[in-house]
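Student: Sharing a structure with you now.
The numbers here are math on the coordinates, done by the rules we state, and not lab data. All values derive from a computational prediction rather than experimental measurement. No Cβ is skipped: glycine too gets one built from the backbone with ideal geometry, and neighbour counts run over all protein chains shown.
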Amino acid sequence: MDPVTHALSGALAGRALSPSGAEHRLRRAATWTGVAAVLAPDLDYLLRLLADPLTYLNWHRTFTHALPLLPLWAVLLAWLLRPARRLLGMRRVWALCLAGMALHVAGDLITPFGTAILWPLSGRRFSLESTFVVDPLVTAPLAAGLLAGARWGPRRTALAALAAAAAVVGIEAALHERALGIARAHAAALGLPPDRARALPQPLSPLRWKLVVETPRGYEVAHVRLGAGGVAHAAGGDGWLERIASAYRPAGTLRWEPAEHPARGRRHPLAAAAWARPELEGFRRFAALPFVLAASRDTAGRECVWLSDLRFVVPGLPPPFRFEVCRAGGGEGWSLRHLPRRPRGAQAPFMAD
């Protein structure tokens, strides 16, 4: 979840858990403690300053988001928040820190990135895949509840706002199941089991979903717009909003397009040669739905493959995680680098579907 939504949820949690009938300064201390606690797990962003992008991506949402470690992290944060401890006491500040951190983990679990909530017992990443990472429909009731607290009572409005945001997530989870049913039906038509199908939330509307079916050679991908009616946006619009919206089609008019897995596709044999290389170990760990953007060979014999992850590709926008792997003159040495979001010069096309 984005930092603004996290911060709003933490502020409301702090208000909801503030002492009953507390004076303003105690309530304010509880509110800011909630904000600090809900943002604390994302301190693993500091890894971006110390490590390469893949190391950061593979460690993000692990040790700072692990449920077994949250009580210990809450003790450390409560100890650091000395002003709050002096006003509220160590036990209440610890409880606020634990609640805020748990709320952060819950907010991340609904997005597609995946969170290793059992680390270090297990590195498996869990995700409900019900909500896009930036979702105004979740943020809006939280912001409204924070603003309304001054008039209708901070604890009551905080609880109501958190409940409203949870209700939005519940509706989106139901829509996810509906979209997933469409993907599973396509998997069945291909003779594939239902666990090969996924539905991924898309930006700007909970009615938009990316459908992915994993096939023997890679994937089949479609973009669906749930609800009645036809294609609501004219094709050929120049704005980025139009480019995004025009890709999503009603369930009855879906266009399934192939995407190639680096190790299994036949269109780009160079990708299969690169996939097993030790230089790609970090990318193999990170990418849950790896696919080939493009491959090329220049006149000097330099060969390159561009890879990304279908979870993060939005129609009309460059993927945030693109990686280039190259070797010179057919040699065995490969080099891997992360590409900027906006392509420059002759870099690979940033769209794949």
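Student: From the C-alpha coordinates alone, can you work out the Kirkwood hydrodynamic radius of the range 269-339, in Å?
Tutor: Working: mean 1/r = 0.0800 Å⁻¹.
For the range 269-339, inverting the mean 1/r across all distinct Cα pairs yields 12.5 Å.
Student: Still on this structure, please answer the following. Dipole of the range 269-339 (Lys/Arg Cβ +1, Asp/Glu Cβ -1, origin at the Cα centre): which of Ala271, Pro320, Leu339 lies farthest to the positive side?
Tutor: Pro320
Student: Efficiency by 1/(1 + (r/R0)^6): what FRET value for Arg277 and Arg217, r their Cβ-Cβ distance, R0 = 22 Å, to the nearest 0.05? Display every interim value, and only then the final one.
Tutor: Working: r = 20 Å, r/R0 = 0.92.
Plugging the Cβ-Cβ distance into 1/(1 + (r/R0)^6) gives 0.60.
Student: Residues of the range 92-109 with backbone nitrogen within less than 16 Å of a virtual label 7 Å along the Cα-to-Cβ line of Trp79, please, listed as ranges.
Tutor: Of the residues in the range 92-109, 93-95, 97-98 have backbone N under 16 Å from the label point off Trp79.
Student: Sort by residue number and report every cysteine in the chain with no other cysteine beta carbon within a distance under 4.7 Å.
Tutor: Cys97, each lacking another Cys Cβ under 4.7 Å.
Student: Another question, then. Which whole-number percent gives the relative contact order of the range 176-254, counting Cα pairs below 8 Å spaced six or more residues apart?
Tutor: Working: 127 pairs, mean separation 17.6, N = 79.
Reported relative contact order: 22 percent.
Student: If you don't mind, there's one more thing I want to ask. Can you list residues from other chains, or at least 5 along the same chain, whose modelled amide H is less than 5 Å from the amide H of Arg322?
Tutor: For Arg322, the qualifying residues are Leu339.
Student: Rounded to whole Å, give me the distance from the Cα center of the range 1-33 to that of the range 262-335.
Tutor: What the calculation gives is 45 Å, centre to centre.
Student: What number does the range 1-47 give for Rg over Rh if you use C-alpha atoms and the Kirkwood radius? Please report the intermediate quantities before stating the final value.
Tutor: Details: Rg = 11.8 Å, Rh = 10.9 Å.
Expressed as Rg/Rh, it is 1.08.
Student: Hey, can you rank 32-38, 102-108 by average C-beta count inside 10 Å, highest first? Numbers along the way, then the final one.
Tutor: Details: 32-38: 25.7, 102-108: 20.9.
For the peptides 32-38, 102-108, the packing ranking is 32-38, 102-108.
Student: If you don't mind, another one. To the nearest 20 debye, what charge dipole does the range 269-339 have about its Cα centre, counting +1 at the Cβ of each Lys and Arg and -1 at the Cβ of each Asp and Glu?
Tutor: Details: 9 positive and 7 negative charges, 22 e Å.
Dipole about the Cα centre, nearest 20: 100 debye.
Student: In nm, what is the difference between 0.36 nm times the number of residues separating Ala166 and Val133 and their Cα-Cα distance? Could the numbers behind the result be given before it?
Tutor: Values: separation 33, 0.36 × 33 = 11.88 nm, distance 1.50 nm.
Going from the current span to full extension adds 10.4 nm.
Student: Under a point-charge model restricted to the Cβ atoms of Lys and Arg (+1) and Asp and Glu (-1), what is the dipole moment magnitude of the range 194-340 relative to its Cα centre, in debye to the nearest 20? Mind dumping the intermediate values first?
Tutor: Details: 21 positive and 14 negative charges, 45 e Å.
So the dipole magnitude of the range 194-340 works out to roughly 220 debye.
Student: Of the listed peptides 119-132, 86-99, what is their order by residue-averaged count of other C-beta atoms within 10 Å, with the highest listed first? Intermediate results must be reported in sequence, preceding the final value.
Tutor: Working: 119-132: 17.1, 86-99: 19.7.
Top to bottom by mean Cβ count within 10 Å: 86-99, 119-132.
Student: Would you mind pulling out the separation of the Cα centroids of the range 118-133 and the range 192-215, in Å?
Tutor: Taking the Cα centre of the range 192-215 as reference, the centre of the range 118-133 is 17 Å away.
Student: Additional query: Sort Phe63, Phe321 so that the residue with the fewest other Cβ atoms within 10 Å of its own Cβ comes first and the one with the most comes last. Spell out each step's value before the answer.
Tutor: Working: Phe63 14, Phe321 19.
Lowest count first: Phe63, Phe321.
Student: Among the helices of the chain (complete DSSP H runs), which have Cα atoms covering no less than 18 Å along the helix axis and a Kyte-Doolittle mean of at least 0.0?
Tutor: Values: long enough: 3-16 (19 Å, 0.53); 24-39 (23 Å, 0.24); 90-109 (28 Å, 0.99); 136-152 (23 Å, 1.08); 154-189 (53 Å, 0.75).
Counting only whole DSSP H runs, the qualifying helices are 3-16, 24-39, 90-109, 136-152, 154-189.
Student: As a check on your grasp of the helix formula, calculate [θ] at 222 nm for the chain: sum -39500 (n - 2.57) over DSSP H runs of n ≥ 4, divide by the residue count, round to the nearest 500.
Tutor: Here the helix-only value at 222 nm equals -13500 deg cm²/dmol.
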